[in-house]
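Enquirer: Next up is a structure, given as structure tokens.
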Amino acid sequence: MGLTTPLKTRLPWLFVAALIAGMVILRVRSLAIQRELVALRQANEDLKKTLAENEDLKKIQVQVDEVTRLRKENEELHRLRNEVRQMRDEKQGAARAGRSSQSAQPGGSPAAQPETVQLQQQLHQLMAENERLRAENQQIQQLQVNAANPCTNNLRIIEGAKDQWALENKKTTGAAMSAEDLQPYLRNGVLPSCPQGGVYTLNAAGAMATCSIPGHVVPPQ
């Protein structure tokens, strides 16, 4: 009887302690599940970003292939320009020869006239081809700009991070920084990379970051 009374007194407290322990365990498990959900959401976002970047890279590769093709045609354009210049000189020479022949043979057909007509036709064809290749050359330039746009946006992101770093750390123009310094100011703490494999140079505060690929620059404002 003496042991039963203390046990009855302690039993509610034991239940309370067990209940509190159970609540703590549930809370810990709930926090762990929440952390796992956050990690899964982040992984899902990273996966979506990776898929989007892969699609962008495919589009860029198509543009690069098109630029390569048009560049070859642009080289053909320069060759044709030289031929046009040569044909023009030959035409002028033939025209002078035709005038001389006509003066020497009044009333007759110039001896060089058929050759002159043929040269004129070839000249017109080459000039038409020249115009077509000039239009494609403009397409090359536009495609090069489009291919450089993702890299240009990356350079702007890096510049924004550099400005925030300089502002929060009270740095002035000319202050050097590292990629690790900029991590807190970049998305996911990762320095963006050039989609075409260029190498970025951060440069000091106040100097624009650069890419090793020619043409990948931030246009002046």
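Enquirer: When you look at GLY197, is it part of a loop (DSSP other than H, G, I, E, B), open to solvent by 30 Å² or more (accessible area, probe 1.4 Å) and either at pLDDT 90 or above or touching an Asp or Glu at 6+ places or on another chain (Cβ under 9 Å) (or both), yes or no?
Expert: Working: part of a loop (DSSP other than H, G, I, E, B): yes; open to solvent by 30 Å² or more (accessible area, probe 1.4 Å): yes; either at pLDDT 90 or above or touching an Asp or Glu at 6+ places or on another chain (Cβ under 9 Å) (or both): no.
Considered against the rule, which asks whether it is part of a loop (DSSP other than H, G, I, E, B), open to solvent by 30 Å² or more (accessible area, probe 1.4 Å) and either at pLDDT 90 or above or touching an Asp or Glu at 6+ places or on another chain (Cβ under 9 Å) (or both), GLY197 comes out as no.
Enquirer: Also, quick follow-up: Consider only pairs whose beta carbons are under 7 Å apart and that are at least six residues apart or on different chains; among these, list those whose first residue lies in the stretch 152-165 and is open to solvent by 30 Å² or more (accessible area, probe 1.4 Å) and whose second residue is not in a helix (DSSP H, G or I).
Expert: ARG156/VAL218; ILE157/PRO192
Enquirer: Identify, from the list ILE158, ILE140, the residue that is on the phi < 0 side of the Ramachandran plot and modelled with pLDDT of 90 or more. It would help to see each step written out before you state the result.
Expert: On the way: ILE140 fails: modelled with pLDDT of 90 or more.
Answer to the selection: ILE158.
Enquirer: Here's a follow-up. Across the stretch 167-186, what is the number of residues that are acidic (Asp, Glu) and either exposed (fewer than 11 other Cβ atoms within 10 Å of the Cβ) or not in a helix (DSSP H, G or I) (or both)?
Expert: Count: 2.
Enquirer: Identify the residue in the stretch 57-84 that is open to solvent by less than 80 Å² (accessible area, probe 1.4 Å) and farther than 28 Å from LEU126 by Cα and, among all such residues, is modelled with the lowest pLDDT.
Expert: LEU57
Enquirer: Restricting to the stretch 211-221, give me the number of residues that are open to solvent by less than 60 Å² (accessible area, probe 1.4 Å) and within 28 Å of ASP46 (Cα to Cα). Before you say what the answer is, go through the steps one by one.
Expert: Within the stretch 211-221, the subset open to solvent by less than 60 Å² (accessible area, probe 1.4 Å) is 211, 213, 215-216, 218.
Okay, now just the ones that are also within 28 Å of ASP46 (Cα to Cα), so 211, 213, 216, 218.
Residues in the stretch 211-221 being open to solvent by less than 60 Å² (accessible area, probe 1.4 Å) and within 28 Å of ASP46 (Cα to Cα): 4 in total.
Enquirer: Go through (1) part of a helix (DSSP H, G or I); (2) over 26 Å from PRO195 (Cβ atoms); (3) at pLDDT below 70 and name the single condition VAL16 misses.
Expert: All conditions are met except number (3).
Enquirer: Another question about this same structure. Anything in the stretch 25-43 that is within 17 Å of GLY189 (Cα to Cα) and either open to solvent by less than 70 Å² (accessible area, probe 1.4 Å) or touching a residue at least 60 places away in the same chain (Cβ under 8 Å) (or both)? List them, or say none.
Expert: ALA39, ALA43
The values are calculated or read from the model by the stated rules, or taken from the named source; none is laboratory data. Values in this document were obtained by computation on a predicted structure and should not be read as measured data. Cβ coordinates were reconstructed from backbone atoms using ideal geometry, including for glycine residues, and neighbour counts include every protein chain displayed. Areas reflect the complete protein model, heavy atoms only, side chains present, ligands, DNA and RNA absent. Shrake-Rupley method; radii C 1.70, N 1.55, O 1.52, S 1.80 Å.
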